[in-house]
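Student: Below are the structure tokens for one structure; questions will follow.
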Amino acid sequence: MQVRVVEPELLDCLPEGHPAARRNRADLRRINNLMGNYRWLLRSLCKKLCPGDSIVEAGAGDGHFALKHLPGVAHAAVGTGGFTYTGLDLWSRPDGLPQAYRWEKADALEYDGWPDHSVVIVNLLLHQFADAELSRFGATVRPHARVILANETARGPLRVWLARAAFLLGLNFVSRHDAVVSVRAGFRGGELPALLGLDPADGWEISVHTTAFGAYRLAAQRRETS
């Protein structure tokens, strides 16, 4: 699988209240837990937050990370002086989201609030963007972000096999279809930072690694300048 293939996902064709869409969100929580995605985001945030940071989660979905895991950041990131959080998604504001957390119902490619945020986290969203859209997203986010954390799908034949085996988890038809589509659109090596325009020459410290369960993880931080 040398070339990314970006195809529509079934979830994007369903209204947010559709039973299959809601089942898919529950399936995604299981997949994220199995892959350790939430734990990685939590650890990374705790290491990189600075006083007064403004976090935006692009593709925040049903708000699960903010509801269940973000309180752990507040507890563990001692000395940050507090932070703000904004969830960004095409779905409506989730029930039970604390009032202190903002929610923007918008397309990440059309969102105009990036200058307000110093920390950008993305979980299983960027693989849905074509190369040109990723370049556009990077050009919009880079000038304002100090930290970018992206958890995506790793591309490769073995990853496709693992995605096809997802039926063993009891996932619904939307989740099974979208899992394979997501892997085909995933990333390898230094593809994602290159597409986002993250260049060490511009002061970005970049770390990329993949996991046995098929996660592709990018952590980028802009070096402090004196």
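The values are calculated or read from the model by the stated rules, or taken from the named source; none is laboratory data. Not measured: the values here are computed from a predicted model. Neighbour counts are summed over all protein chains in view; Cβ atoms, including those assigned to glycine, are modelled from backbone coordinates with ideal geometry.
Student: Applying the selection to segment 10-48, what residues are at pLDDT 90 or above and not in a helix (DSSP H, G or I)?
Tutor: Gly36 - this is the single residue of segment 10-48 that is at pLDDT 90 or above and not in a helix (DSSP H, G or I).
Student: When the residues of segment 140-159 are narrowed to those that are within 17 Å of the chain's Cα centre (by Cα) and assigned to a helix (DSSP H, G or I), which ends up nearest to Ile206 (Cα to Cα)?
Tutor: Across segment 140-159, the extreme among qualifying residues is Val141.
Student: Go over the candidates Leu88, Leu97 one by one and state the one that is hydrophobic (A, V, I, L, M, F, W, C), out of contact with any His (no Cβ under 6 Å at 6 or more places or on another chain) and not in a loop (DSSP other than H, G, I, E, B).
Tutor: So the residue among Leu88, Leu97 that is hydrophobic (A, V, I, L, M, F, W, C), out of contact with any His (no Cβ under 6 Å at 6 or more places or on another chain) and not in a loop (DSSP other than H, G, I, E, B) is Leu88.
Student: Oh, and also: Which residue pairs have Cβ atoms closer than 9 Å, lie 6 or more positions apart in sequence or on different chains, and pair a first residue in segment 116-136 that is free of Cβ contacts under 8 Å to residues at least 24 places away in the same chain and part of a strand (DSSP E or B) with a second residue that is of a type in the set (A, V, I, L, M) and surrounded by fewer than 20 Cβ atoms within 10 Å (Cβ to Cβ)?
Tutor: none
Student: Further, regarding this structure: Name the residue, out of Phe173, Phe187, that is of a type in the set (Phe, Trp, Tyr) and at pLDDT 90 or above.
Tutor: Testing whether each residue is of a type in the set (Phe, Trp, Tyr) and at pLDDT 90 or above leaves just Phe187.
Student: Please work out if Val56 is under 21 Å from His177 (Cα atoms) and of a type in the set (A, V, I, L, M).
Tutor: For Val56, the condition - under 21 Å from His177 (Cα atoms) and of a type in the set (A, V, I, L, M) - is not met.
Student: Being among the β-branched types (Val, Ile, Thr), closer than 17 Å to Leu34 by Cα and touching a Ser or Thr at 6+ places or on another chain (Cβ under 7 Å) is true for just one of Val160, Val183. Which residue is that?
Tutor: Answer to the selection: Val183.
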